[in-house]
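Colleague: Shown below is the structure under consideration.
The values are calculated or read from the model by the stated rules, or taken from the named source; none is laboratory data. On a predicted model such as this, the values are computed, not experimentally measured, just so you know. As a convention, Cβ positions derive from the backbone with ideal geometry for all residues, glycine included, and neighbour counts pool all protein chains shown.
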Amino acid sequence: MTREHRPRLKRRGFCLCCIGSSAFAATGGWLSPGEAFAQARNVVDGMRASAAEAPIKVQKLRGGVSMLEGSGGNIGVLTGPDGKVLVDAGITASRPRIKEALASLSGDPVRLVINTHWHFDHADGNEWLHQEGAAILAHENTRKHLAEATRVEDWDYTFPPSPAGAVPAEVFSTEKTVKVNGATLALKHYGASHTDGDISVAFSEADVLHTGDTYWNGFYPFIDYSTGGSLDGTIRATEANLAAATDRTIVIPGHGPASSRSELKDYRDMLVATREKVAALKKQGRSPDETVAARPTAAYDAKWGRFAVSPAGFTKLVYAGV
Ligand SMILES: [Zn+2]
C-alpha cells in the first residue's frame with residue numbers, strides 16, 4: 001500500500017490488494033468497527049473481524065431466490081421443499097447472523113452449497129454448513145485450492161488446507177446442471193478470470209445470475225494472479241456475463257448490491273478502458289509507480305475506487321495483467 005492512497009482507504013473498509021501485514025492500517029468504516037480493524041494483523045484477519053460484527057442484509061429477489069449481503073462475498077439462496085441451496089458460504093464468524101437470516105427466509109435446512117471460487121470470503125462457511133448437513137459443490141480447481149495450503153501474494157497470506165468437510169465432495173470441469181426445488185441451476189466455468197476456478201450460477205426460471213467475483217458492483221475488482229487469475233480472462237468473463245443476461249436478469253455480483261445488465265456493461269467498459277490506458281503506459285516503458293502516478297483510472301475513481309481495491313491498487317493489478 002502506498003502513502004498516496006492510504007487516505008482513501010480510511011473512509012471505507014480496507015484494501016484487498018497490494019497490502020502486506022506490516023502495512024495494514026485500515027481504520028474501519030463501512031464494514032466494521034474501527035477497533036477490530038485497527039487490531040487486525042492483515043487483510044484476512046480484518047475481513048474476519050468485520051464479519052464477526054457485520055449485520056446480514058436479506059434481500060428477496062425473485063422466484064424463491066434471495067441474496068444475503070454482509071459476510072464477505074454475497075450469498076445467493078434458493079429456498080424450497082428440497083432444502084436450501086446456497087451459492088457461496090460467507091465467513092464463518094458470521095455464522096449466527098447467517099443462520100438467523102436463513103431462518104427468516106424459511107425453515108428448510110441447507111442441503112447444498114455451491115462455491116463460486118475458493119476465496120475464504122466465499123468458502124469459509126463450508127465447514128459449518130457441511131457439519132449441518134450440506135453437500136459442497138464447486139469447480140475442480142476450487143477443490144484443489146481448498147484441499148492444499150494456498151498462498152495469496154497480494155494478501156500476504158497462506159491459507160492452510162481446509163478441514164475435510166469443507167472441501168467440495170463433488171466437482172466439475174466445464175458445465176453442470178442442478179435440478180432442485182423445481183428450479184434449474186446452470187453452473188458454468190469461466191476459465192481463468194478472478195482465479196482459475198470461478199463459476200457462474202444461473203437460476204434459470206427466476207432469471208437470476210450469480211457471477212461470483214468476476215463482477216464487483218461499484219468497486220474495482222481484485223484479480224488473484226496467485227491462483228490463476230487473469231485480467232483478460234476477467235474481461236472475457238464479463239462478456240460472458242453480458243451474453244448470459246438480458247435487461248430482465250437480476251445479477252448477484254460477488255461484492256456490492258444486486259445489479260443489472262446495464263450496470264454490468266458499465267463495469268465491462270471500465271475494465272476495457274483501464275486495460276487500454278495501462279497497456280499503453282506500460283508499452284511506453286513506464287514503471288508500475290509511474291503508471292499509478294499517471295492516474296489512468298482518474299475518470300472512474302469517484303464511482304469505482306471507494307472500497308476494497310484502491311485506484312492505485314487496481315492500476316497495479318491491471319499493470320501486472322497486460
Ligand atoms: Zn474472490
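Colleague: Among the residues of region 198-213, is any modelled with pLDDT of 95 or more, part of a loop (DSSP other than H, G, I, E, B), in contact with a strand residue (DSSP E or B) (Cβ under 6 Å, 6 or more places away or on another chain) and within 16 Å of the ligand (Cβ to nearest atom)? Give the derivation first.
Modeller: In the first step, residues of region 198-213 are kept if they are modelled with pLDDT of 95 or more; the result is 198-213.
Within this subset, residues satisfying the condition of being part of a loop (DSSP other than H, G, I, E, B) are 198, 204-207, 211.
So of that shortlist, the ones also in contact with a strand residue (DSSP E or B) (Cβ under 6 Å, 6 or more places away or on another chain) come out as 204-206, 211.
So of that shortlist, the ones also within 16 Å of the ligand (Cβ to nearest atom) come out as 211.
The answer is yes; a qualifying residue exists.
Colleague: From the list GLY80, GLY76, exactly one residue is out of contact with any helix residue (DSSP H, G or I) (no Cβ under 9 Å at 6 or more places or on another chain), in a strand (DSSP E or B) and in contact (Cβ under 8 Å) with a residue 12 or more places away in the chain. Which is it?
Modeller: Unique residue meeting the criteria: GLY76.
Residues are listed down the side, and each one gets a yes or a no for (1) part of a helix (DSSP H, G or I); (2) under 29 Å from SER66 (Cα atoms); (3) modelled with pLDDT of 95 or more; (4) in contact with a helix residue (DSSP H, G or I) (Cβ under 6 Å, 6 or more places away or on another chain):
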position: GLY229; (1), (2), (3), (4): no, yes, yes, no
position: LYS265; (1), (2), (3), (4): yes, yes, yes, no
position: ARG295; (1), (2), (3), (4): no, no, yes, no
position: GLY313; (1), (2), (3), (4): yes, no, no, no
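Yes or no, residue by residue, for (1) among the aromatic types (Phe, Trp, Tyr); (2) surrounded by 19 or more Cβ atoms within 10 Å (Cβ to Cβ); (3) farther than 19 Å from ASP213 by Cα:
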| site | (1), (2), (3) |
| --- | --- |
| ASP88 | no, yes, no |
| THR92 | no, yes, no |
| ILE98 | no, yes, yes |
| PHE120 | yes, yes, no |
| HIS130 | no, yes, yes |
| ALA147 | no, no, yes |
| VAL152 | no, yes, no |
| PRO163 | no, no, yes |
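Colleague: In region 269-276, is there at least one residue being crowded, with 22+ Cβ neighbours inside 10 Å and in contact with a Gly (Cβ under 9 Å, 6 or more places away or on another chain)?
Modeller: no
Colleague: State yes or no: is LYS188 surrounded by fewer than 21 Cβ atoms within 10 Å (Cβ to Cβ), assigned to a strand (DSSP E or B) and more than 16 Å from the ligand (Cβ to nearest atom)?
Modeller: Yes: the conditions hold for LYS188.
Colleague: Given the conditions (1) surrounded by fewer than 22 Cβ atoms within 10 Å (Cβ to Cβ); (2) over 14 Å from LYS316 (Cα atoms); (3) in contact with a Gly (Cβ under 9 Å, 6 or more places away or on another chain), and given that GLY254 satisfies all but one, which numbered condition is not satisfied?
Modeller: So GLY254 meets the others, but not (1).
Colleague: So if I check each of MET47, MET67, which one is within 19 Å of SER162 (Cα to Cα) and among the hydrophobic types (A, V, I, L, M, F, W, C)? Walk me through how you get there before you give the answer.
Modeller: Working: MET67 fails: within 19 Å of SER162 (Cα to Cα).
Being within 19 Å of SER162 (Cα to Cα) and among the hydrophobic types (A, V, I, L, M, F, W, C) holds for just one of MET47, MET67, which is MET47.
Colleague: Within the bounds of region 214-230, is there any residue that is within 14 Å of the ligand (Cβ to nearest atom) and under 23 Å from LEU112 (Cβ atoms)?
Modeller: Yes, there is a match, as at least one residue in region 214-230 is within 14 Å of the ligand (Cβ to nearest atom) and under 23 Å from LEU112 (Cβ atoms).
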